[in-house]
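First the structure, in the form of structure tokens, and then the observations on it.
Just so you know, all these numbers are worked out from the coordinates, no wet-lab data involved. These figures come from a predicted structure and were not determined experimentally. Note that each Cβ is placed from the backbone with ideal geometry, even for glycine, and that neighbours are counted across all protein chains shown.
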Amino acid sequence: MNRTGLLAVLALLAPFFAHAQDKPRQDAPREIRYCTNCATVEALKPVPAGGGAHGYEMVLRYTDGKVKTFRYDNDPGLRVGEKVKDNNGVVVRDVPAKPSP
């Protein structure tokens, strides 16, 4: 192909490349999802456990607005305001994922 033919082909293709660069991405609309087991410790207080012993009552408020109360024989090691996850009745501190490099 000679130089004139190559320039003619590039001239024909130029609008396609320019259009592809100018076109905004058409991503699918973002879906709002709730973490069904994410919660915040709303209250933590000592309560009588019977026989003179003390236990703890912890109230969690989930992201969907539900409230659930857990009872512990010992201090669960969490504080009011902490973000937690309820893994089938086992409450654990919610540790944010580290960003990937």
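For every other residue with a beta carbon closer than 12 angstrom to the beta carbon of residue 84, add +1 if it is Lys or Arg and -1 if Asp or Glu, then tell me the sum. Write down the numbers at each step before the final one.
On the way: positive: 61, 68, 79, 83, 85, 93; negative: 42, 82, 86, 94.
Here the charged neighbours net out to +2.
May I ask you to compute the full-extension gain from residue 83 to residue 66, defined as 0.36 nm times their residue separation minus their alpha-carbon distance, rounded to one decimal in nm?
Gain in length upon complete extension: 4.7 nm.
Given the options 69, 90, 39, identify the residue whose Cα lies farthest towards the positive end of the charge dipole of segment 38-93 (+1 on Cβ of Lys, Arg; -1 on Cβ of Asp, Glu).
About the Cα centre, the residue reaching furthest to the positive side is 39.
Quick one: which of 68-78, 36-46 comes out on top by average Cβ neighbours within 10 Å, and what's the full order, highest first?
Working: 68-78: 13.3, 36-46: 15.2.
Final packing ranking: 36-46, 68-78.
Residue 63's amide H: which non-local residues (gap 5+, or another chain) put their own amide H closer than 5 Å, with H modeled 1.01 Å from N in plane and none for Pro or chain starts?
Placed amide hydrogens put 38 under 5 Å from residue 63.
Counting Lys and Arg as +1 and Asp and Glu as -1, what is the net charge of the other residues whose Cβ lies under 15 Å from the Cβ of residue 67? Walk me through the intermediate numbers first.
Values: positive: 45, 61, 66, 68, 71; negative: 42, 57, 64, 86.
Taking every Cβ under 15 Å from that of residue 67, the sum is +1.
If you place +1 on the Cβ of every Lys and Arg, -1 on the Cβ of every Asp and Glu, and leave all else neutral, what size is the dipole of segment 38-93 about its Cα centre, to the nearest 20 Debye?
Numbers: 9 positive and 7 negative charges, 30 e Å.
Using only the charged Cβ atoms, the result is roughly 140 debye.
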